[in-house]
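First up is the structure itself, then whatever we jot down about it.
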Amino acid sequence: MFKIRKKSEKLKPPILYNIIEDYSEFDAPGNVTACAMTLQEDLAAHAKVLSESYEVPLEMMKTLLTEGGVYVYPQISGILTRGLFACRIDPTGVVPKQTWTLDLMQFAEAEQLSQARGIPLDEVAALVLYRTLPEELQTKLEQKNLGLDYRTLDRAVAKGGDITYIDFRKDWSPHFKRLCIMPDGRLVETGGLEEFAQLHGITPAQAKTLVEQGGTLEVHGEILACQIVNGQPAVARFTAKNYAKAKELVSTKRLHIMDALSEVAYSDPVMMRSLARKELNAGR
């Protein structure tokens with residue numbers, strides 16, 4: 001007797017957010033994406049993704065998401081290179097759980113306020129975060145469920161009930177697709193650094209440096225260019241021919257290579273069609 005084997009279903013990635021509001025065009029350091037969830041928190045999945053995104057030890061992240069508090073990044077060779085990660089939990093459960101990071105400047109401000117006023121660092125970290133956020137988002141945070149009209153939400157979102165947590169995110173991760181303009185005019189989406197690195201045939205370390213610091217990277221005669229706009233990476237890949245045009249502009253017009261590549265892109269009808277499609281879709 002033969003047994004019929006059922007095809008094993010592929011595990012779907014956990015849904016961490018079903019409400020996403022993008023404020024990444026706002027001035028830094030308040031340029032965040034407010035990512036919220038109305039369903040019950042999947043603590044293990046939530047902790048895993050945040051741990052990977054922010055390089056916080058997994059067990060520490062689970063503790064933070066359970067108890068609240070802050071994680072101050074350790075010094076490297078005696079120098080502090082990053083600020084802190086914070087998780088705020090309202091003991092009454094009225095206000096959703098919230099997580100965010102503070103950069104070095106914000107962290108320094110939070111430490112000074114904490115010492116001067118004798119207030120715990122986790123409370124001061126929230127004050128420092130909130131006052132940098134866009135005014136629109138500050139107003140929404142004072143309202144229940146960000147002031148959303150649940151009658152207008154998708155039923156699958158609305159039926160979850162109240163917002164259970166909000167992550168103020170600023171990272172490049174599998175949960176936030178980024179577009180790259182390719183030499184043939186395609187707009188290709190990638191998520192995490194691994195996927196981005198595979199697409200372009202570079203190492204994850206090279207990908208990390210490029211999207212965090214911006215600049216250019218030669219790849220098999222072509223060139224990848226990344227500009228950091230309001231803390232967010234904008235990436236385009238140029239053909240060897242367009243790269244040569246850009247280098248000629250650098251030589252003849254004394255332009256910076258990034259400015260030269262931008263000029264080449266604007267004069268390339270294929271790349272401009274892609275940008276036009278992107279703007280059209282964004283306006284819908």
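Please work out if residue 161 is outside any helix (DSSP H, G or I), assigned by TED's automatic domain parsing to the domain that holds residue 237 and in contact (Cβ under 8 Å) with a residue 60 or more places away in the chain. Don't jump to the end; show me each part of the working.
Working: outside any helix (DSSP H, G or I): yes; assigned by TED's automatic domain parsing to the domain that holds residue 237: no; in contact (Cβ under 8 Å) with a residue 60 or more places away in the chain: yes.
So residue 161 fails the test.
Could you grab me the full set of residues in the stretch 171-190 that are assigned to a loop (DSSP other than H, G, I, E, B), modelled with pLDDT of 80 or more and surrounded by fewer than 20 Cβ atoms within 10 Å (Cβ to Cβ)? Talk me through it step by step, then tell me what you get.
Our first condition is that a residue be assigned to a loop (DSSP other than H, G, I, E, B); within the stretch 171-190, this holds for 171-177, 182-186.
In the following step, the residues that additionally are modelled with pLDDT of 80 or more were identified as 182-186.
183, 184, 185, 186, listed by residue number.
For the subset of the stretch 134-170 comprising residues that are farther than 21 Å from residue 89 by Cβ and touching a Phe, Trp or Tyr at 6+ places or on another chain (Cβ under 6 Å), which member is modelled with the highest pLDDT?
134
Give the residues of the stretch 216-250 that are touching a helix residue (DSSP H, G or I) at 6+ places or on another chain (Cβ under 9 Å) and of a type in the set (Ser, Thr, Tyr), sorted by residue number. Quick ask: steps written out before the conclusion?
First pass over the stretch 216-250, keeping only residues touching a helix residue (DSSP H, G or I) at 6+ places or on another chain (Cβ under 9 Å): 216-228, 233, 235-238, 242-243, 245-250.
216, 243, listed by residue number.
Just give me the residues in the stretch 34-59 being touching a strand residue (DSSP E or B) at 6+ places or on another chain (Cβ under 6 Å) and closer than 23 Å to residue 108 by Cα, in sequence order.
Correct list: 54, 56.
Mind listing whichever residues of the stretch 191-215 are modelled with pLDDT under 80 and part of a helix (DSSP H, G or I)?
First pass over the stretch 191-215, keeping only residues modelled with pLDDT under 80: 191-193, 212.
If the condition is that a residue be modelled with pLDDT under 80 and part of a helix (DSSP H, G or I), then 193, 212 are the ones that fit.
Condition check ((1) over 30 Å from residue 209 (Cβ atoms); (2) among the aromatic types (Phe, Trp, Tyr)) across all residues:
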{"site": "106", "(1), (2)": "no, no"}
{"site": "135", "(1), (2)": "yes, no"}
{"site": "150", "(1), (2)": "yes, yes"}
{"site": "160", "(1), (2)": "yes, no"}
{"site": "168", "(1), (2)": "no, yes"}
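Looking at the stretch 21-55, which of the residues that are loosely packed, with under 14 Cβ neighbours inside 10 Å and at pLDDT below 90 is nearest to residue 160 (Cα to Cα)?
22
Report every pair of residues separated by at least 6 positions or lying on different chains whose Cβ atoms are under 8 Å apart, first residue within the stretch 20-32 and in contact (Cβ under 8 Å) with a residue 24 or more places away in the chain and hydroxyl-bearing (Ser, Thr, Tyr), second in a loop (DSSP other than H, G, I, E, B) and exposed (fewer than 15 other Cβ atoms within 10 Å of the Cβ).
From residues that are in contact (Cβ under 8 Å) with a residue 24 or more places away in the chain and hydroxyl-bearing (Ser, Thr, Tyr), the pairs are 24/230.
Pairs, please: C-beta under 6 Å, at least 6 apart or cross-chain, first residue under 17 Å from residue 43 (Cβ atoms) and in the stretch 87-111, second hydroxyl-bearing (Ser, Thr, Tyr) and assigned to a loop (DSSP other than H, G, I, E, B)?
Matching pairs, first to second residue: 96/164.
Is one or more of the residues making up the stretch 62-74 modelled with pLDDT of 85 or more and within 26 Å of residue 156 (Cβ to Cβ)? Walk me through it before giving the result.
Here is the first cut: in the stretch 62-74, the ones modelled with pLDDT of 85 or more are 62-74.
So of that shortlist, the ones also within 26 Å of residue 156 (Cβ to Cβ) come out as 65.
Yes.
Would a scan of the stretch 200-212 turn up a residue that is over 22 Å from the mean Cα position of the chain (by Cα) and crowded, with 16+ Cβ neighbours inside 10 Å?
No, the stretch 200-212 has no match at all.
Name the residue that is nearest to residue 83 (Cα to Cα), counting only residues in the stretch 119-160 that are surrounded by fewer than 17 Cβ atoms within 10 Å (Cβ to Cβ) and among the hydroxyl-bearing types (Ser, Thr, Tyr).
Of everything passing the filter in the stretch 119-160, 130 is nearest to residue 83 (Cα to Cα).
From the set of residues in the stretch 56-102 that are among the charged types (D, E, K, R) and surrounded by 15 or more Cβ atoms within 10 Å (Cβ to Cβ), which is nearest to residue 36 (Cα to Cα)? Break it down into steps so the answer makes sense when it comes.
As a first pass, look at the stretch 56-102 and keep what is among the charged types (D, E, K, R): 59, 62, 67, 82, 88, 90, 97.
Pick out the ones that are also surrounded by 15 or more Cβ atoms within 10 Å (Cβ to Cβ) and you get 62, 82, 88, 97.
Numbers: 62: 18, 82: 25, 88: 14, 97: 10 Å.
Looking at residues that are among the charged types (D, E, K, R) and surrounded by 15 or more Cβ atoms within 10 Å (Cβ to Cβ), I get 97.
The values are calculated or read from the model by the stated rules, or taken from the named source; none is laboratory data. As the structure is a prediction and not an experimental result, all values here were calculated from the model. Note that we place each Cβ from the backbone using ideal geometry, even for glycine, and neighbour counts take in every protein chain shown.
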